[in-house]
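Data first, discussion second: the structure below is written as structure tokens.
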Amino acid sequence: MTVDQQQRPGPPAPRRRSRRDEILEIAVGLFAARGYHGVSMDDIGSAAGVTGPALYHHFAGKEAMLVAALIPVSEGLLHGGKERVERHPDDAQAALTDLIEFHVEFALANPAVIALHLHELDRLPEEPKRQIRRLQRLYVEEWVGVLAMLRPELEAGEARVLAHSAFGLMNSTPFLGGEVDRRRRAVLLREATVHALIGR
């Protein structure tokens, strides 16, 4: 081993999940399964093995949990979408393939978050709700820009219709059973999305 190799830092260690992260994941799962009004803070504390005062140390209440669950997801999708488009400045087909793979993997990994977003977004206060919808619009525009390059015959509004239809396909993961293994589900969702967007 050379001196340079000895001094070169290795890859950063993965971030250790905090207790707050664990509690939030449990809350998201309960909200997705029972609905926002079907879950109390006591239910969440019981499932997480946390007493009431300790739970309120992490979150002010259920509303704060919704905000904490949904805003970072929208930020992450926008950041990831931009990153994948920027990887392929001169190849719209490759950019679209990368976007589809990125979103399908997100959807398969986060069905509870998708269910929460579909059914509970309107329970948020106006400001975080506006923030999430703004982030979503910006994410959609990443897809619209790529579609505009691939299909110049489309008007911007038509490209948005197709983008939203693609999200409907990919975000179907909360409703998919386990009879098809995850890898095959990913293939089917990617293929269906490509057909919806470019017809092949």
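The values are calculated or read from the model by the stated rules, or taken from the named source; none is laboratory data. Remember, it's a predicted structure, so these values are computed and weren't measured experimentally. Using ideal geometry, Cβ is built from the backbone for each residue, glycine included, and neighbour counts are taken over all protein chains shown. Note: accessible area is taken over every heavy atom of the protein model, side chains too, but ligands, DNA and RNA are not part of it. Shrake-Rupley method; radii C 1.70, N 1.55, O 1.52, S 1.80 Å.
The stretch between Thr97 and Glu179, if pulled fully straight at 0.36 nm per residue, gains 26.9 nm over its current Cα-Cα span.
The Cβ shell under 12 Å around Ala47 holds other residues with a net charge of -3, Lys and Arg each +1, Asp and Glu each -1. Charge dipole of the range 66-115 (Cα centre as origin; +1 on each Lys and Arg Cβ, -1 on each Asp and Glu Cβ, all else neutral): 200 debye, rounded to the nearest 20.
If you run the Gaussian network model on the chain, springs between alpha carbon atoms under 10 Å, then out of Leu188, Leu70, Leu138 the most flexible one is Leu188.
GNM remark for the chain: springs join alpha carbons under 10 Å apart, and the peak mean-square fluctuation among Ala107, Ala54, Ala156 falls on Ala54.
Protein heavy-atom accessible surface, 1.4 Å probe, per residue over the range 62-198: 51 Å².
Comparing Val28, Val180, Val113 in a Gaussian network model of the chain, where Cα atoms under 10 Å apart are tied by springs, the biggest mean-square fluctuation is seen for Val180.
Here is what passes the span test in the chain: the DSSP H helices with alpha carbon length of 30 Å or more along the helix axis and a Kyte-Doolittle mean of -1.0 or above are 62-86, 126-150.
Relative contact order for the chain: what is it in percent, counting Cα pairs under 8 Å that are at least 6 residues apart?
Working: 152 pairs, mean separation 43.0, N = 200.
Reported relative contact order: 22 percent.
Just to verify a number: FRET efficiency for Arg87 and Asp42, C-beta to C-beta distance, R0 = 35 Å, to 0.05? Step by step, r from the Cβ atoms, then E = 0.15. A DSSP coil position with no more than 15 other Cβ atoms inside 10 Å describes the following GluC sites (Glu not before Pro) in the range 98-169: Glu153, Glu155. Listed values [x] -0.58, -0.80, -0.93; [y] -0.65, -0.89, -1.01; [z] -0.73, -0.91, -1.00 include one computed from this model; for log10 I(q)/I(0) by the Debye sum over Cα atoms at q = 0.12, 0.14, 0.15 Å⁻¹ that value carries the label [z].
Protein heavy-atom surface of the chain, 1.4 angstrom probe: 54% of the accessible area is carbon and sulfur, with nucleic acids and ligands not counted.
Among the trypsin sites (Lys or Arg not before Pro) in the range 69-170, those located in a DSSP loop and surrounded by at most 12 other Cβ atoms within 10 Å of their own Cβ are Arg87. Its Cα centre serving as origin, the range 62-198 has a Cβ charge dipole (Lys and Arg +1, Asp and Glu -1) of approximately 340 debye. Modelled spin-label separation between Arg19 and His79, with each label point placed 7 Å from Cα along the Cα-to-Cβ direction: 2.6 nm.
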